[in-house]
1. Residues of region A:189-204 with amide nitrogen under 15 Å from the 7 Å Cα-to-Cβ point of A:E284?
2. Is there a quick way to get the dipole size of chain B? I mean about its Cα centre, with the Cβ of Lys and Arg at +1 and of Asp and Glu at -1; what is the value in debye to the nearest 20?
3. Under the definition of partner shielding as Cβ atoms of other protein chains within 10 Å of a residue Cβ, what is the mean value for peptide A:157-165?
4. Rounded to a whole number, what % of the accessible area of region A:236-384 do carbon and sulfur atoms account for, probe 1.4 Å?
5. Give me the one-decimal nm value for the distance between modelled label points at B:A223 and A:T405, 7 Å along each residue's Cα-to-Cβ direction.
6. With a Förster radius of 41 Å, plug the Cβ-Cβ distance of A:I429 and B:K372 into 1/(1 + (r/R0)^6) and report the FRET value to the nearest 0.05.
7. Would you work out which of B:C199, B:G147, B:A171 lies farthest towards the positive end of the dipole of region B:79-238? Charges go on Cβ: Lys and Arg +1, Asp and Glu -1.
8. Let me confirm one metric for peptide B:153-160, namely the mean number of other chain beta-carbon atoms within 10 Å of its residues' beta-carbons.
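The values are calculated or read from the model by the stated rules, or taken from the named source; none is laboratory data. Note that this is a predicted model, so its numbers are computed, not measured. Note: ideal-geometry Cβ built from the backbone for every residue, glycine included; neighbour counts use all protein chains shown. Quick note on the areas: whole protein, heavy atoms, side chains included, nothing else; ligands and nucleic acids left out. Shrake-Rupley method; radii C 1.70, N 1.55, O 1.52, S 1.80 Å.
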Amino acid sequence: MTATKIEWQLFICRACGLIYNEEEGDPDSGLAPGTRFEDIPEDWECPLCGVTKADFEPFEKPNIQVDAAVINNNSNKTPGIIIVGAGIAGWTMAEAIRQHDTTTPITIITACSGDVYHKPELSVAIGRKISDDSLIKNRGTESAKELGINLLPNTFVVGLSAKLKTVRTTRGSFKYKKLILAQGAKSTVPNGIPPEMTWRINHFSSWHGLKEQLSTKAQSIVIVGAGMIGCELAENLNSAGHDVTLVFRGSWPLAKLIPEITGKRLLETFEAQGIRCISNASIEQTKVIEAQENQTCGLYELRLSNSELIEANQIVSATGLQIDTRIPVMAGLSCDNGIAVNSSTLKTEQDDIYALGDCISLAGESCRFVSPILKQAKVIAAQIRGEADQLYHHEQPRVRLKLDTCNLIMEGQPIKNIPWTTVNHDEQIILVEQRQDDRCVSKIELSRAS
Amino acid sequence: MHAAAVENENILGSPDSILKNVHNFAREKLAPVANKIDQEGYYPVAEMQSLGQLGAFSGHLDRYGTQFDLALKNMESISRYCGSTGFIAWCQNVCGLYMEQSKNKALLDRLDDQAFAKHLGGTGLSNPMKSLTGIETMALHATATKGGYHVSGTLPWVSNIGKNQYFGAIASVKNQDGSHSHEIFFLMDIDETVALNKCPKFSGMEGTSTWGVTVENYFVGEANIIADPALPYIKNIRPAFILLQVGWGLGVIQGAIDSCREVEAGLGHVNQYLHNRPDQLEDELLELRERALDLAKTPYSPEKDHLINVLDVRAQTSELSLKASESALLHQGARGYLMESDVQRRVREAHFVAIVTPAIKHLRWEMAKLMKETMPA
């Protein structure tokens, strides 16, 4: 006779969580190793809490992966520098400190995996077929090893006490000598769309989720918001073969940043590519028409403020960024479009807490571009070393949108209520500028791609 | 002042005098029996009743002015001298809260007996709280019957209960075809049909009258319903339920700091080499208490940020309890290692602060869940 060997099963006590392993049995109560659950007498009791066999249910061991970086963490014993956030700002900050100081303990605490990637690439990565491997420049654990720092990935900061110099997280509390906030900003979710129905492309993980969904077949995509990210995504996803509709509040794309003459040209360029543009509109309500099943995408219906109904397989919101103020406010830091920092030292209102990148505001203005970050990191590193004379001078970065069909370059800081002067307007190039006190304060150039 | 608070004051005196009376009772009457409770499992019914008459368990109730700060401070005073009693004080407080928030007239009629501890009531929400956040499955099951429900199942450990007492419990209701329908929250009166099973001996928290509870087709009628369906109700009371536990933990921490200071005169010259000295711990306790009292101003706030703040304060209470009680042991040395030492008892109490639902690991799991951005699946 050939007996088929059945694998040993586990059973969990619903009352206290004790696990009965058939292979081990329960010799203390007379169940020899190898006693099958079905052979246990009904009046057998849980060795821990005393409930009976009927209160047990089959149990499967979950597959748990523990981050090696978390196991190695020992920063609580020697307070050093803590950096919150492992985006470009966080990693740049760690590098800037390590250039002059290889011994102070540094811990990066981040809600994400900590992998190093260049966020601006996300808005164009799908259309340009950039692979995950080339987006991820380095694994977070590798970078941490190279810089000799502790990385706490997948860890949320839940509390901050400036007085006790303690950061509280979902993996325990950590004392710091200096704290640097580099946690970035969160994408807003527009009214009228529940968050579980709309992607926001501000992190690798959410970008990757959208990419996976789009990999099955060409789909209809509604992009809400025509700021820089919305425009880049619209053109990029359209070029990848998807059917894109861009819905925005203004009369033309980038309405908050560029004047009508350039805006209308951009609108024409988008429409010429087959992107449907719905201006002066917002989303009133969103509902699921068909649920998503397996690899098949679902279908949403959006009702717009102009009463129009549109359908989409995917909804992407790009309506702007805002910072989560819970933690800064708790620590006594004031927030105005970001965490308020001294414009020269980048120190917050609390001693020993600095901030940089997307989460800060300089004189009430946020500046959510990559280019100032390196300078900011160098200044903070110097300030921490005690080089008080190394100060930050903010310059509005030159911004170029990542579009394939046209070049849009913005320089300077546009000022509300100052009229735009058209310097050049022809089929190829539109050039406008704002002048104040006989000086050009901001300039926009839109040209067709050659 | 809130009209209900005025009424409370007329019956019991001002909040300050309640705090003073409760503190004095805890120091003078409870502290001497703390070891009897801990070592012999003495259930301090008489002491709880005295505390109730002094107003220790009524302040947080809407009927008496929704003064959660008063409840937190009273529990701190109690557990400063006995953590086991502090824990059942929390049970008593939340059981009263369940009854009052039910808005069920039959339960409201019984509320004063609970508020002033004429009767003692417990709470069996450890399992459902874990179940509802996805950590384990529900232990009690119910089926609808004429005029109510029949409930069956076993809860492994419920504190502050005994024959003729009662506690708040939650059961998941099954449809006739066995599928899940919803949850009900009810007050289980421990009559002759309810079996109380002796629990295994724990390392601490003796004297809390903790039992395993088994019922089979236990009938729950209208008069005992706290909430049906239970989920919206639980969402509403959850931050208050968790925040109240903080008062109990604060007392354990304060007691540990007291023990550090107690030996300062004799051992200060060597204790100076220890980390987590009493002044440092006191600073942390002050900050924690301040945050808790601030949250106590809006105990039922539905904001997600409020819930995260409450979970954060609760987790910090556990961390500081562990740190302070260990430090007390190191400060007292051999004296604190004696089996009947307050310090030894407090180490075990602090462990319980950290593992009871919501345990540190559950709090962190829940905070991580709440802080994660919601995206399409």
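1. What the label zone holds, given the 15 Å backbone N cut-off, is A:191-193.
2. Computed charge dipole of chain B: roughly 520 debye.
3. If you average over the peptide's residues, the count of other-chain Cβ atoms is 5.
4. 43 percent
5. Each label point is offset 7 Å from its Cα along the Cβ direction, giving 7.6 nm.
6. 0.35
7. B:C199
8. 4
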